[in-house]
C-alpha cells in the first residue's frame, strides 16, 4: 500500500498529506520523529527527513522524497482534480508562493516559533525562549500582511483557482494555528481563506491530529471559527 512517512507538526509533511488527499489517493501514514529517525527510514531517503512517499507501481515501489517532489508527483499522476492552473502565469505564481513559504516564511517564522515550541518539546530541550517567540511573532505579522494583500486581489493565493500554493500556506498556517499562534480577529482576509481551506475534505486528517505533549486550542477543529 502507498505509504507517507511524516511528522504531524511539520509544515512540509502536512502539505504532502493535503496534496495526496486532494488527489484522493488512499495511503497509509507512518509518523517519523525528525530528530530521532530510525535506521530503516534513513536507509530509505538520502535527505533523512520527512516527508517521504512510497508509491506502489507495476513491478514494485518507488520512493519520492521532499515536499515539492511529492506534491508535484501527486499532481502529475492524474489530470483529475488538478492542483495547478491551466494558465501559465497562475502555475508560475503557485510555485512562487510555494517557494515563499518554504524559504522566507520558514526562515522568518517557523525557525523561531516551531523550533521553540515543537522541537524543544519533542526533544526535551527545555521551555521556549520568550524573546525568540516574540521575534518570530513579529515576523509573522509581516507575512500575514502580505497574504492579506494577495487575498484582497485574488480568490486564492496564486489566482482564481485552489492550487499547490494554497496547500503550502495551509501546511504552515495550520501548524501555527495548532500551537495557538494565529490571532484570527486581526486578519479577516486570511481567516476567510483558511476557513475555506479547513472546509475541504483533504484537511480532515490534519484537523484530527493529536500530538502527545501538545493541546490544540478549541477553535482548531471548528470549521466556523
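Over the chain, what relative contact order in percent results from Cα pairs under 8 Å that are six or more residues apart?
Relative contact order for the chain comes out at 23 percent.
Among 172, 6, 139, 87, which comes first, then next, by fewest other beta-carbon atoms within 10 Å?
Going from least to most buried by this count: 87, 139, 172, 6.
Once fully extended, how much extra length lies between residue 224 and residue 92, figured as 0.36 nm per residue of separation less the alpha-carbon to alpha-carbon distance? Walk me through the numbers before you get to the answer.
Values: separation 132, 0.36 × 132 = 47.52 nm, distance 3.18 nm.
That works out to 44.3 nm of additional length.
Taking other Cβ within 10 Å of each residue's Cβ, how do 35, 187 sort, fewest first?
35, 187
Using 0.36 nm times the number of residues separating residue 152 and residue 26, minus their current alpha carbon distance, what extension gain do you get?
Details: separation 126, 0.36 × 126 = 45.36 nm, distance 3.52 nm.
Gain on extension, residue 152 to residue 26, equals 41.8 nm.
Return the tail of the calculated pair distribution for the stretch 88-206, meaning the percent of Cα-Cα pairs more than 20 Å apart.
Every Cα pair in the stretch 88-206 considered, those over 20 Å come to 42 percent.
Count the DSSP beta bridges whose two residues both fall in the chain, then state the antiparallel fraction as a percent rounded to the nearest 5.
Antiparallel: roughly 70 percent of the beta bridges in the chain.
Can you pull the three principal axis extents for the Cα set of the stretch 176-225, in Å, largest first?
32, 24, 14
By count of other Cβ within 10 Å, fewest leading, how are 198, 191, 24, 117 ordered?
24, 191, 198, 117
Add -39500 (n - 2.57) for each DSSP H run of 4 or more in the chain, then divide by its residues: what number comes out at 222 nm, to the nearest 500 deg cm²/dmol?
For the chain, the value works out to -13000 deg cm²/dmol.
What is the spin-label model distance, in nm, from residue 160 to residue 196 if the labels are put 7 Å beyond Cα along the C-beta direction?
Reported label-point gap for residue 160 and residue 196 is 1.3 nm.
Translational D (Stokes-Einstein, µm²/s) of the stretch 138-225 at 25 °C and 0.890 mPa s when Rh comes from the Kirkwood sum over C-alpha pairs?
Calculated translational D: 183 µm²/s.
Based on the inverse mean of 1/r over its pairs of different Cα atoms, what is the Kirkwood hydrodynamic radius of the stretch 3-76, in Å?
12.2
Taking 0.36 nm per residue of separation and subtracting the Cα-Cα distance, what length does fully extending residue 184 through residue 132 add?
16.6 nm
Based on alpha-carbon centroids, what's the gap between the stretch 46-122 and the stretch 174-203 in Å, whole number please?
Comparing the Cα centres of the stretch 46-122 and the stretch 174-203, I get a distance of 19 Å.
Once a ≥ b ≥ c are taken as the square roots of the eigenvalues of the Cα gyration tensor of the stretch 52-155, is the result rounded (a/c under 1.5), prolate (a/b larger than b/c) or oblate (a/b not larger than b/c)?
Taking the square roots of the gyration eigenvalues as a ≥ b ≥ c, the stretch 52-155 is oblate.
Under a no-solvent Debye model with one identical scatterer per Cα of the chain, what's log10 I(q)/I(0) at q = 0.10, 0.16 Å⁻¹?
Result of the Debye calculation: -0.44, -1.17.
Please give the peptides 177-186, 46-55 ranked by average Cβ packing (other Cβ atoms within 10 Å per residue), highest first, as a rough proxy for protection.
Averaged packing, sorted descending, gives the order 46-55, 177-186.
Here, each number is a calculation from the coordinates, and none is a lab measurement. Just so you know, these numbers come straight off a predicted model, no measurement behind them. Glycine also receives a Cβ, built like all others from the backbone with ideal geometry; neighbour counts cover every protein chain displayed.
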